[in-house]
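Asks: Let me give you the structure first, and then I'll get to my questions.
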Amino acid sequence: MKTHREIAQQLDLFHSEPQGPGMIFWHPNGWRLFQNIQQHIRQLYQQHGFQEVRTPQFLKKDLWQTSGHLMMYGEDMFFGGDQENMQAYALKPMSCPAHILLFKRGVHSYRELPVKLFEFGLVHRNESSGSLNGCLRLRQFTQDDAHVFCAWSQVQDEVIHFLNRAKLVYRQYGYQHLSVKVSTRPESSLGDEALWQKAEQILIDVCRNALIDFELQVGEGAFYGPKIELALQDNLGREWQCGTIQLDFNLPERFDIAYTNAAGEKEHPVILHQVMYGSIERWLGMLLEITQGALPEWIHPLPVAIATVDETAIDYANTLVDLLRSADLHVLTDHSNSSVARKIKRFHQMKIPNILLVGEQEMKTHQVALRRGKMVTTIEKMKLVEQLLAYRNM
């Protein structure tokens with residue numbers, strides 16, 4: 001069984017360099033795969049009322065002092081600054097304080113809630129060199145980082161919505177086994193004990209009311225609130241930590257953000273921090289190991305390849321390339337003097353699901369031979385795109 005790094009090399013997706021430990025150099029195929037995964041979750045968030053934002057990566061230390069990250073998380077952060085203040089800034093390890101600043105700029109009524117923001121946040125965490133592992137453990141990675149600002153009365157519904165979205169996404173990738181864990185107050189934490197108990201009970205009640213089996217993880221919550229963690233199991237029985245939703249009542253108070261309630265009074269909202277993939281890079285690495293490179297066709301960076309039988313078919317093959325690209329189907333061509341069998345072997349090694357074979361006969365009849373696995377069918381040129389798109393959407 002190959003590791004995700006070996007598969008990445010086989011499919012020409014990415015690599016790492018000693019000059020950037022814990023960071024990824026994306027190749028064209030890999031970056032296209034990354035963007036396909038990113039676009040999938042972007043569409044889901046937008047369909048459920050989230051607005052996409054973008055916030056800075058390098059922010060002053062006093063922001064992280066206010067949030068509590070400096071005290072609770074400082075050992076895992078990178079620091080720097082300008083020429084006058086060499087340690088006055090920090091690279092963000094997560095996007096939540098920046099999203100809070102966005103919320104704070106507005107004047108909010110209870111009628112607007114919930115306010116939903118999301119960002120593909122590029123974050124940095126100072127992981128030890130010994131813990132780094134390809135895409136699975138990085139110092140720089142991208143979170144599908146979403147935050148819901150809502151009233152206490154809305155929390156239960158929003159947590160249910162999150163769980164339903166997560167189940168939908170994981171099913172779309174073919175995952176069937178989902179384990180749920182509720183993590184409670186850690187030893188080092190912020191805030192009032194009564195609010196911790198209230199928040200923990202809400203998460204437990206959501207799981208019980210939805211008839212979700214869950215494991216209680218005592219003391220494993222975030223420093224600012226309890227959370228639900230979602231883990232997927234692969235066909236080898238390995239468990240992969242992915243989605244999480246954290247119920248935060250501390251940062252709204254620390255940043256003094258508020259909305260006007262029905263009585264016209266100022267009230268702190270609750271923040272629900274949530275990710276579906278967690279880290280897009282880690283999700284991608286996990287997917288490579290579980291599928292061994294046989295990626296779902298709807299996110300495949302190279303769903304089609306064309307092998308010409310001889311050089312007489314090159315011009316015809318290039319018309320197919322134009323046709324496929326106009327339908328946003330990326331294609332790899334091999335017009336070399338290698339045998340067709342060698343070309344097919346190469347494409348199979350790259351796990352390309354659709355291989356088009358074209359020669360003089362196909363050129364004369366305006367057709368193409370489509371190979372999927374061991375099956376070969378003949379398709380008219382003008383019906384090719386329709387057929388490939390149908391395969392991609394299966």
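The values are calculated or read from the model by the stated rules, or taken from the named source; none is laboratory data. Note that the structure is a prediction, hence the values are computed from the model and not measured. Reconstructed Cβ throughout: ideal geometry from the backbone, glycine too, with neighbour counts over all protein chains shown. The area values use the complete protein model at the heavy-atom level, side chains included, leaving out ligands, DNA and RNA. Shrake-Rupley method; radii C 1.70, N 1.55, O 1.52, S 1.80 Å.
Asks: Does region 93-129 hold any residues that are out of contact with any Leu (no Cβ under 6 Å at 6 or more places or on another chain), over 22 Å from residue 158 (Cβ atoms) and either part of a helix (DSSP H, G or I) or open to solvent by less than 20 Å² (accessible area, probe 1.4 Å) (or both), and which are they?
Replies: 93, 123, 129
Asks: I would also like to ask the following. Do any helices (runs of 4 or more DSSP H) lying entirely in region 25-74 carry at least 3 residues that are open to solvent by 50 Å² or more (accessible area, probe 1.4 Å) and within 30 Å of residue 300 (Cβ to Cβ), and which ones are they?
Replies: Those helices (runs of 4 or more DSSP H) span 28-47.
Asks: Six or more apart or on different chains, Cβ atoms under 6 Å: show the pairs whose first residue is in region 284-299 and surrounded by 22 or more Cβ atoms within 10 Å (Cβ to Cβ) and whose second is part of a helix (DSSP H, G or I).
Replies: Correct list of pairs: 285/4; 288/4; 288/7; 289/4.
Asks: Determine, yes or no, whether residue 164 is outside any helix (DSSP H, G or I), surrounded by fewer than 18 Cβ atoms within 10 Å (Cβ to Cβ) and not hydrophobic (A, V, I, L, M, F, W, C).
Replies: no
Asks: Only residues that are in a helix (DSSP H, G or I) and either closer than 16 Å to residue 244 by Cα or touching a Ser or Thr at 6+ places or on another chain (Cβ under 9 Å) (or both): list them for region 201-219, please.
Replies: Of everything in region 201-219, those that are in a helix (DSSP H, G or I) and either closer than 16 Å to residue 244 by Cα or touching a Ser or Thr at 6+ places or on another chain (Cβ under 9 Å) (or both) turn out to be 202, 203, 204, 206, 207.
Asks: I would also like to ask the following. Looking at residue 175, is it in a loop (DSSP other than H, G, I, E, B), in contact (Cβ under 8 Å) with a residue 40 or more places away in the chain and out of contact with any helix residue (DSSP H, G or I) (no Cβ under 6 Å at 6 or more places or on another chain)?
Replies: yes
Asks: Any residue at all in region 306-317 that's outside the structural domain of residue 13 (by the TED database), open to solvent by less than 70 Å² (accessible area, probe 1.4 Å), more than 29 Å from residue 171 (Cβ to Cβ) and without any contact (Cβ under 8 Å) to a residue 40 or more places away in the chain?
Replies: Within region 306-317 (the criterion being outside the structural domain of residue 13 (by the TED database), open to solvent by less than 70 Å² (accessible area, probe 1.4 Å), more than 29 Å from residue 171 (Cβ to Cβ) and without any contact (Cβ under 8 Å) to a residue 40 or more places away in the chain), the answer is yes, since at least one residue qualifies.
Asks: Shifting gears a bit: How about region 167-207: which of its residues are closer than 17 Å to residue 40 by Cα, modelled with pLDDT of 90 or more and either of a type in the set (D, E, K, R) or open to solvent by less than 30 Å² (accessible area, probe 1.4 Å) (or both)?
Replies: The answer is 167, 169, 170, 171, 173.
Asks: Looking for whichever is under 24 Å from residue 225 (Cβ atoms), out of contact with any His (no Cβ under 6 Å at 6 or more places or on another chain) and not acidic (Asp, Glu) here; the options are 20, 80, 74, 30. Which one fits?
Replies: It is 74.
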